[in-house]
Amino acid sequence: MPFYRYSPLMRLVRVQLLAAAMVLGVADLSAAADQPAAPPAFIHPALPEATLQGQGQMRFLGLLIYDARLWAGPRFEAADFDAYPLALELTYHRTFTGTAIAQRSIEEIERQGKLPPAQAQRWLTALIAALPDVQPGDRLTGLYQPGVGMRLWHGRQALAAIDDAELARRFFAIWLSPSTSEPDLRNDLLALESGTGS
């Protein structure tokens, strides 16, 4: 018999198969959501016991800029974030030049306290040298090492190390200090209740 005589039946079977696939897909996604997130392997030597402290999103005028995740060890205390090694992972949804990211970083650092112009320029130069251009889907990870500085990765590729302890502390304070310009994101990263001053 010609196939077209069975097309209504075939459409019904196709719809049922798609519905079953969607149900199975949702089950798979929920099972994946129950799995604990694993930190990037390259931070393991510095943070062997790292777990996901918190995660959130950065939006500007309703546009999603990046997803952020904070990795820290079991003794991490949000109130003294700068006393502990930690890693911050940003997955971008927009295109930015490394220079634009560096300039914005200096602006945010100066929210915490004005910098002498010569120091601001030194830090800007160091950040421009270290930060790459990013495209949607690119991931930047920064490892903060108290009293030492920070290490950066673009995806899995190691970037420049910045051995300036104060620049590193102020850089990570952009997200983790109580004086951040994004308190809701800070609360998400540090797993704090909204409105807490910790």
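The values are calculated or read from the model by the stated rules, or taken from the named source; none is laboratory data. Note that the structure is a prediction, hence the values are computed from the model and not measured. Neighbour counts run over all protein chains shown; Cβ positions are idealised from the backbone, glycine included.
In the stretch 102-111, the count of residues that are out of contact with any strand residue (DSSP E or B) (no Cβ under 7 Å at 6 or more places or on another chain), under 25 Å from P40 (Cβ atoms) and among the acidic types (D, E) is one or more. Taking the stated definitions as given, is P132 in contact with a helix residue (DSSP H, G or I) (Cβ under 7 Å, 6 or more places away or on another chain) and modelled with pLDDT of 95 or more? Judged against the criteria, P132 is a match.
Give the number of residues within the stretch 114-151 that are part of a loop (DSSP other than H, G, I, E, B), in contact (Cβ under 8 Å) with a residue 24 or more places away in the chain and surrounded by fewer than 16 Cβ atoms within 10 Å (Cβ to Cβ).
Here the count works out to 4.
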